[in-house]
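Contents: one structure, followed by commentary.
The values are calculated or read from the model by the stated rules, or taken from the named source; none is laboratory data. Predicted model, so just to flag it, every value in this text is computed and none were measured. Cβ placement follows ideal geometry from the backbone for every residue including glycine, while neighbour counts extend to all protein chains displayed. Heavy atoms of the whole protein, side chains included, go into the accessibility calculation; ligands, DNA and RNA do not. Shrake-Rupley method; radii C 1.70, N 1.55, O 1.52, S 1.80 Å.
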Amino acid sequence: MLRAMADPAATAEAILARLPLLAGVPAAARARLAAAARPVRYRENQPVFRRGDPGEEGMLIVLDGLVRLHVATAAGRELTLGLIGAGETVGEIALIDGGPRSADVTALTPVQALLIRHADAVAVIESDIAVAGALLRTLAARIRRTTDQVEAVGLRTLPQRVAGALVKLAAADPAGLVRISQGQIAALVAGTRPKVNAALAELRDRGLVEQARAGLRLPDPAALKALAEAAE
């Protein structure tokens with residue numbers, strides 16, 4: 001988690017050095033990307049990117065908070081593809097090709113982040129073949145993550161999807177609580193509210209979720225995460 005990196009004393013270069021996706025990028029090239037990165041903030045429920053928007057703004061590195069990656073049908077039904085938290089990125093493909101956004105991204109909580117523009121990344125890529133190779137590996141990882149997201153929506157059971165969402169939501173909260181309503185959780189996991197209520201009751205019975213005054217508490221996040229990722 002990169003929440004500590006949201007401290008103003010932390011430099012963009014230090015933040016980028018800890019990102020797994022830039023692990024293969026030479027330090028000098030990372031420094032150039034860091035120099036081009038600009039800090040951004042988003043309010044809760046503020047759109048970050050919209051599907052079809054030009055991708056010139058490139059990639060967002062989340063430092064603190066949680067963003068939701070989602071798509072909508074013409075009829076207005078939304079499907080959440082993933083929750084992106086501290087230490088994770090969104091927009092990796094646009095960073096490389098500058099193409100249109102493939103999904104909507106919305107701040108689920110207040111968010112602090114760094115933004116690296118496509119043009120700045122291209123300038124670094126064209127000057128260093130090692131950077132090009134590292135970012136191509138990043139693109140491959142992004143495609144794999146998309147496959148995982150589709151699997152999570154289509155193949156995971158509802159209790160697993162609820163468990164995964166709870167872990168992400170709690171990790172983004174300073175007190176480790178889940179503070180959104182059951183109806184909002186249902187929207188995140190593509191489930192109906194009655195079925196989500198039943199899934200939450202099952203998790204309570206297993207001692208993985210407790211009701212707190214300000215929301216839901218997770219007594220054992222590691223066990224909840226293991227449930228979310230378990231093979232059926």
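Restricted to strands (runs of 3 or more DSSP E) entirely inside the stretch 17-92, those with at least 1 residues that are more than 20 Å from Ile185 (Cα to Cα) are 38-42, 47-49, 59-64.
Inspect the stretch 130-150 for any residue being touching a helix residue (DSSP H, G or I) at 6+ places or on another chain (Cβ under 9 Å), open to solvent by 50 Å² or more (accessible area, probe 1.4 Å), over 25 Å from Arg18 (Cβ atoms) and at pLDDT below 90 and give the result as yes or no. Taking every residue of the stretch 130-150 in turn, none turns out to be touching a helix residue (DSSP H, G or I) at 6+ places or on another chain (Cβ under 9 Å), open to solvent by 50 Å² or more (accessible area, probe 1.4 Å), over 25 Å from Arg18 (Cβ atoms) and at pLDDT below 90.
Per the listing Arg213, Arg204, the residue uniquely basic (Lys, Arg), over 22 Å from Thr109 (Cβ atoms) and loosely packed, with under 14 Cβ neighbours inside 10 Å is Arg204.
Taken across the stretch 164-171, residues that are open to solvent by less than 60 Å² (accessible area, probe 1.4 Å), free of Cβ contacts under 8 Å to residues at least 24 places away in the same chain and part of a helix (DSSP H, G or I) do not occur at all. Between Pro159, Pro100, the distinction of being at pLDDT 80 or above, assigned to a helix (DSSP H, G or I) and not hydroxyl-bearing (Ser, Thr, Tyr) belongs to Pro159 only.
Looking across the stretch 94-117 at every residue that is within 11 Å of Leu60 (Cα to Cα) and open to solvent by 40 Å² or more (accessible area, probe 1.4 Å), the one that is farthest from the chain's Cα centre (by Cα) is identified as Arg117.
Taken residue by residue, the stretch 66-89 has no member that is in contact with a Gly (Cβ under 8 Å, 6 or more places away or on another chain), over 19 Å from Lys168 (Cβ atoms), open to solvent by 50 Å² or more (accessible area, probe 1.4 Å) and not acidic (Asp, Glu).
Regarding Ala31, is this residue in contact with a helix residue (DSSP H, G or I) (Cβ under 9 Å, 6 or more places away or on another chain), loosely packed, with under 14 Cβ neighbours inside 10 Å, over 25 Å from Asp173 (Cβ atoms) and of a type outside the set (S, T, N, Q)?
Against the criterion (in contact with a helix residue (DSSP H, G or I) (Cβ under 9 Å, 6 or more places away or on another chain), loosely packed, with under 14 Cβ neighbours inside 10 Å, over 25 Å from Asp173 (Cβ atoms) and of a type outside the set (S, T, N, Q)), Ala31 does not qualify.
Taking every residue in the stretch 95-118 that is more than 20 Å from Pro39 (Cα to Cα) and pairing it with any residue that is of a type in the set (D, E, K, R), at least 6 positions away or on another chain, the pairs with Cβ-Cβ distances below 7 Å are Pro100/Asp53; Arg101/Arg50; Arg101/Arg51; Arg101/Asp53; Ser102/Arg51; Ala103/Arg51; Asp104/Arg50; Asp104/Arg51.
When Arg38, Arg77, Arg50 are checked against the criterion of being more than 17 Å from the chain's Cα centre (by Cα) and either at pLDDT 85 or above or of a type in the set (S, T, N, Q) (or both), a single residue qualifies: Arg38. Just a yes or no: is a residue in the stretch 3-13 of a type outside the set (Asp, Glu), at pLDDT 80 or above and either within 27 Å of Val131 (Cβ to Cβ) or open to solvent by 40 Å² or more (accessible area, probe 1.4 Å) (or both)? Yes, the conditions are met somewhere in the stretch 3-13.
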